[in-house]
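This report concerns only the one structure given below.
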Amino acid sequence: MNGKVLIDTSVWIDFFRGKNTELIERVTMLLKLGKAVYTGIIALELINGAKDRKELQTLSDVFGTMERIEEVESTHFNAGMLGYGLARKGHTLGVVDLLIAQIAIENAVALMTSDEHFKVMAKHSGLQLFQQ
């Protein structure tokens with residue numbers, strides 16, 4: 001692990017809703033320390049769900065301060081293999097979440113999420129979850 005944390009869409013939604021003070025403090029600290037990272041698929045999910053131009057500008061401002069981690073040529077194949085393996089163990093998961101998990105694994109970053117199904121992925125793969 002390199003100390004960086006990939007913040008999942010579920011956490012960003014809670015962060016921007018502003019209802020969980022503890023979560024807001026943790027995300028803010030990761031941002032200030034330069035440890036928060038994002039990836040294209042998470043940006044896509046958030047931008048797609050924005051309600052208005054103000055939210056779009058907020059997202060642009062936040063992502064403009066963060067490091068973006070990238071997938072490589074094999075990422076999608078490996079995410080598919082992760083899903084294939086999990087399905088053989090009785091866990092069928094969405095392709096977007098498989099991609100997010102694989103990007104975190106390949107970039108050796110912890111994933112900060114509030115989605116429980118990532119715990120299943122972490123149990124059966126090299127995914128490391130950020131302990132909140």
Using only Cα atoms, tell me the angle between helix 75-88 and the longest principal axis of the chain; keep it within 0 to 90° and round to the nearest 10. 60 degrees
In a shell of Cβ-Cβ distance under 14 Å around residue 61, excluding residue 61 itself, what net charge do Lys and Arg (+1) and Asp and Glu (-1) give? +1
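For n ≥ 4 DSSP H runs only, could you compute -39500 (n - 2.57) per run for the chain, divide by its residues and tell me the 222 nm figure to the nearest 500?
-17000 deg cm²/dmol
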If amide H atoms are built 1.01 Å from N in the plane of the peptide, which residues on other chains or at least 5 residues away come under 5 Å of the amide H of residue 67? 38
Using θ = phi - 60° and the Karplus curve 6.51 cos²θ - 1.76 cosθ + 1.60, what whole-Hz ³J(HN,Hα) does each residue of segment 46-60 get, with Gly and Pro shown as x? 6, 5, 4, x, 4, 7, 7, 5, 4, 5, 4, 5, 4, 4, 4
Candidates [x] 76, 46, 24; [y] 35, 33, 25; [z] 43, 27, 26; which is the computed Cα extents along the principal axes in Å? [z]
The answer for residue 5, listing residues at least 5 apart or on another chain whose modeled amide H is closer than 5 Å to its amide H, is 36, 37
Which residue, 33, 98, 86, has the most motion in a Gaussian network model of the chain that connects Cα atoms within less than 10 Å? 33
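Values in this text are rule-based calculations from the coordinates and carry no lab data. Treat the numbers as computed from the prediction; the structure is a model and nothing was measured. All Cβ positions, glycine included, derive from the backbone under ideal geometry; neighbour counts span all protein chains shown.
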